[in-house]
Amino acid sequence: MLLIPCPWCGPRDECEFRYGGQSHIAHPAAPASLTDAEWADYLFFRDNPEGLFTERWFHAAGCRRWCDVVRHTADYRVLTSAPCQGGPSGGGEW
Amino acid sequence: MVTGRRISGEPDTSVLFDGRELPAVRGEPLSAALLAAGVRTAAAGVRTGRPRGVVGIGTAEPGAQVRVEAPEFRALAPATGVEVRDGLIAASTAGLGALPVTYRPPQRGPSGPQSSSPITHDLQQEPTGPEVFPPVSHRDPQQEPAGPRPSSPAGRDPQRGSSGPSAFPVVAHRDLQQESPGGQASPSAGRTPPRGDARWAHCEVLVVGAGPAGLAAAAAAAQRGVRVILADEAPRPGGDALGLDPATDRWIAGTTARLADAPEVRLLTRTTVIGHYDHGELVALERRPDGTHLLWRIRARRTVLASGSVERPFAFAGNDLPGVMLAGAAAAYPRRHGVLPGERITVSGCHDEALLAAAALHDAGADIAAVADARPEPGADALAGLARRGIEVRTATAAAGTVPDGRGELAAALLAPVAADGTVTGPAERIGCDLLAVSGGHDPAAALAVQAGGRLRWSEGHAAFLPEGLPATTTCAGALTGVRSVRAAAEQGDRAGRAAAAAALAEGAAPAAMSARGAPPAPETGAASDTGTAPGAGSGSADLPPAGRSGGAEARTAPPMALFTVVRPGGDAAEVFIDLQRDAALDGVRDAVAAGMRSIEHVKRYTTAGTGPDQGRTSATVLTGALAGLLGRGMDEVGGTAPRPPCTPVPFSALAGRARGELLEPLRRTPMNAWHEEHGAVFEDVGQWRRARYYPRDGEDMRAAVLRECAAAREAVGMLDASTLGAITVAGRDAGAFLDRIYTGTLSTLRPGRCRYGVMCTADGMVLDDGVVARISEEEYLVSTTTGNAERVLEWLEEWAQTEWPHLCVHLFNATDHWAVASLVGPASRDVMRELAPDMDVSAEGFRFMSVREGTVAGIPARVLRVSFTGELTYEVNVPAWHGLALWEAAVEAGRRYGVTPYGTEAMHVLRAEKGFIVVGHETDGSVTPLDLGMDWAVAKRKEFVGKRSLTRPDTARPDREQLVGLLPEDPGALLAEGAQLVAEAPGPAGGGRSGPGAGRRGPGERIAAPIGRVTSAYDSAALGRTFALGLLRSGRERHGERLYAVHMGEAVPVRVADPVFYDREGSRRDG
């Protein structure tokens, strides 16, 4: 089980978290203007590197905050953890 | 033949083994009691049924797997790992769990080089081809061929071996009824499994193994003041050094005592570390003396692996007979347990320690029949030690076969000259003996090292795979690294323990205990300076030098030889057992190679070698060696199989711990639960919630009760405990804007005091949840969710609020548990409400549909919603959870004269389905869009929401998607099965076509058309006077009126497709 450093609670067992996939996949500002392929890319396609990967974890059984964790996908080393850098992605249509 | 006896110690109890009472000493392993009593056969081969006896000592035991009946049941345990206690009852595992196949064991007789039996391994005689693997389901026992079974392409079915007449009784198919007391069909039926529990622990240094290296490592780390956990499989520390000599024993006892007194040291005996997981997590199984289990999850900053080594045998014909033991184990029984395992002993090895074992057995009182060493030049000191005892050593010689007696137990050993690769080069010599002690070397117990990230590399000098390349957080010490002397192991452990403690301290903040004690981390000094704690050099008998590379400068030792199989070239290999636990023999390995397999992983799966209870702990290296020999490859080239966790079998009861029965999962009960129980409700679990399903009155079955409950709700007044509906408060300046982005509909335009039905989708456009949203005030909404879905929806809202729109001012709160909800449903519900809430205007004009009021109901502050999930006039009364039962009882009382009838989830489902209302999880499954459900009216056209773009994807916009429909069986009494497939044509005679699940119920040759939909809900309706169903059907909205078939378990029921709203299509009943 991974030991995930929550920026608010410190290192905690993986079972307290929910995985959220790749970080920094912002919702497109104007989905209606996207082609089907572009929208499918947002919906379904994610990086799958062997190496460092920035991914989101949700501390569900703790502070209930999302964080961005940089983890090595081959040896599971965790390099950094920070509060989710969400941002207003919505343009005029939201 | 009398064999084995107790040479010291007095039995203080007795054990029952296979119904025989054996004297025993408390605390010794069962194997010692068996050997002392001369019980040679303790188990039977799982496939061959050949008798098997005790082979080893400690927890690595290839042969004697037994079943423990009492005091605590264990289905399978090594006799060497079962501690003798009062009342111990055990039995051999012969035949238990075997598949009912008829097996004829190979012909018995002298085997090995002198055997005159013909070679049965002959590829040419075996049929080949794909037909030799008949599918299991088609096998007809009546048609089992009488002769030898057809075999695999490789020449022989590895599951069966060869055939021939039996010379000893086959015990593989004992009747289970006779086997188990009480005549239970299953050997474990009716037994209470041992209790288990879980514990979590943190430490700076975890030391695995309490032999000399582990003890020294724990002591060194403890000196630095860090938290130390020391875990060892055995009942007491010492490892293989236990009983070696008085000085070592004194050191072990002294070190153990100091560790036991150290405040930050936890010493776990009878504890096997079963796996090394991520980020320093190790899991350990503690078998406690009272029969309970503790599963430890340990987080360690640093781990010192001092897991020692496992003695390995080498393989030769008949090497599985009871009476063939490991030499080191044979020598350890007298000194550790006062039991001499044989009277006349032949020893065969390929390293100096086997010679030391021969000397030790001689000194313990055994008659040494012969000693063989496969090396041309054994160590001079070991030879001299035996010479002093008048024992001659046959060099370049090894055990090449055995001769069984009438019981299939060892009567004689066959020693033959061997070449450096183990090939027999000359005629064998027959040596009568009751014990053949063999040793092929020592395998470091490196499973955890590999799991930690290390690799194994073959060391010619050690004739062993040694771990290397471990991450910085894990170090190895002692026999695990190939060190064979107690002194050197202890020194290595001492250094490893110091370094681990220093590194753990340097890495993180010092633990509180540390600073309190004022022991600052000191720089690493390198070599161990504190040699005073290490035991004196020397092992074995006083006049024999210690074995291993680090003996004194004057020690004259010779390196071990890599010896895996001793066979005549091309000789029969069916009885050359590689893995006794799986009855996997060398012939299977040869077959695998002949079939073209090269990878050890393939050969493992073909032969099943290494898949037994110890997962290859005692056989893996021999398998690699045998395969390397056959392929002409190096040991590293062949490698080993991945030693995945758990390292030893773990009982499910230990994994489950307390999470059994009622504690398996949290159970959530509503505040009104006591009333439901009192009134005979039948319950169902919905998610974690326990909900009343229906309330049967005298003699009613579910169908009758539900019809009555539904009729009451439609004609008078029914009452539902709706407390389980999720309730999420969404508050804040931007709550409306936030919900607009989440829901398919618009909620910012909702006026305070009003409600609106809403659907939310995932980003791919599929329905996630639905429910009523009430606007309580300008900045506060109450979102209701499907029962059991509140947590999921809350997470969904939090995710978007935090990661996508952190600039929106939104606060989210799960209020589900804070409210108790009673739904009053039916034309008479207004009358009941008038009595319950005299101060509230509950008239159709004063309290309009889809509005929310706060007021007092039954004297309780309440929030009342006029929403409807049934089509009937409904008041949903929400009160603080504490008052839930009071509200319910008051409503029952007030409604008595209106015929108020509590109804459960089953009636609720019927009532909603009659109106065509969906239930998330019934009509949706993550692949259904709002448009598929015909909810275009709930989907806003002019604003953006999560998932909107997906509704115009080519796949979600195609016209032939599955759409919500109603289904009316042509027989109004036929209740469809939920999940039944919808097909357009009645199943008929085949013209090929596909056959679905359940096809077996129909006659052969029938076929079913491809399904075009499925039944999602099916009920019997009081209001309709017939059965009906909802379903999802391809292009369903265009198919109203069509005749289809609902197929389930071989039955096809004709149905008509209909509009999904069956009842009150005009919506005339909602206002009463």
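The values are calculated or read from the model by the stated rules, or taken from the named source; none is laboratory data. Note that the structure is a prediction, hence the values are computed from the model and not measured. Counting neighbours? That spans all protein chains shown, and the Cβs are built from the backbone with ideal geometry, glycine included. These area figures cover heavy atoms from the full protein model, side chains too; ligands, DNA and RNA do not enter into them. Shrake-Rupley method; radii C 1.70, N 1.55, O 1.52, S 1.80 Å.
Using 0.36 nm per residue and subtracting the Cα-Cα separation, the extra length available between B:A642 and B:R733 on full extension is 27.0 nm.
Annotation for the A:B interface, with buried accessible surface near 2700 Å², both sides summed [1.4 Å probe; non-protein components not counted].
Counting only aspartates and glutamates at least 8 places from B:K915 when in the same chain, those with an alpha carbon closer than 14 Å to its own are B:E872, B:E923, B:D1020, B:D1059, B:D1064, B:E1066.
For segment B:799-876 versus segment B:600-667, the spacing of their alpha-carbon centroids is 59 Å.
Could you order B:Y277, B:Y875, B:Y1063 so the one with the most accessible surface comes first? Probe is 1.4 Å.
Descending accessible area places them as B:Y277, B:Y1063, B:Y875.
Rounded to whole numbers, the Karplus 3J(HN,Hα) couplings from phi for segment B:649-656 are x, 10, x, 4, 5, 6, 5, 5 Hz, using 6.51 cos²θ - 1.76 cosθ + 1.60 with θ = phi - 60°, and x at Gly and Pro.
Among B:F847, B:F917, the sequence by solvent-accessible area, most first, with a 1.4 Å probe is B:F917, B:F847. In this structure the amide hydrogen of B:R394, modeled in the peptide plane, comes within under 5 Å of the amide hydrogens of B:V371, B:A372, B:D373, none closer than 5 places in sequence on its chain.
Extending 7 Å from Cα along the Cβ direction at B:E460 and again at A:W8 yields two label points whose distance is 6.2 nm. Exposure check, 1.4 Å probe, all protein chains in place: B:R703 carries approximately 100 Å² of accessible surface. With each label modelled as a point 7 angstrom along the Cα→C-beta vector, the B:D18-B:E780 pair spans 7.7 nm.
By the Cβ rule of 4.7 Å, chain A holds the following cysteines without a possible disulfide partner: A:C15, A:C63, A:C67, A:C84. Checking the a/c ratio against 1.5 first, then a/b against b/c, what shape does the Cα gyration tensor give for segment B:302-402? Verdict is rounded for segment B:302-402. Listed by chain and number, the aspartates and glutamates whose C-alpha is less than 15 Å from the C-alpha of B:K941, apart from same-chain residues fewer than 8 away, are A:E93, B:D740. Remark: mean inter-chain Cβ contacts per residue of B:795-805 equal 6, using a 10 Å Cβ-Cβ cutoff to other protein chain atoms. Shape call for segment B:721-903 from the C-alpha gyration tensor, a ≥ b ≥ c root eigenvalues: rounded (a/c under 1.5), prolate (a/b greater than b/c) or oblate? Taking the square roots of the gyration eigenvalues as a ≥ b ≥ c, segment B:721-903 is prolate.
How much length would be gained if the chain were fully extended between B:H922 and B:E678, taking 0.36 nm per residue of separation minus their Cα-Cα distance, in nm to one decimal?
Contour length minus Cα-Cα distance gives 84.9 nm.
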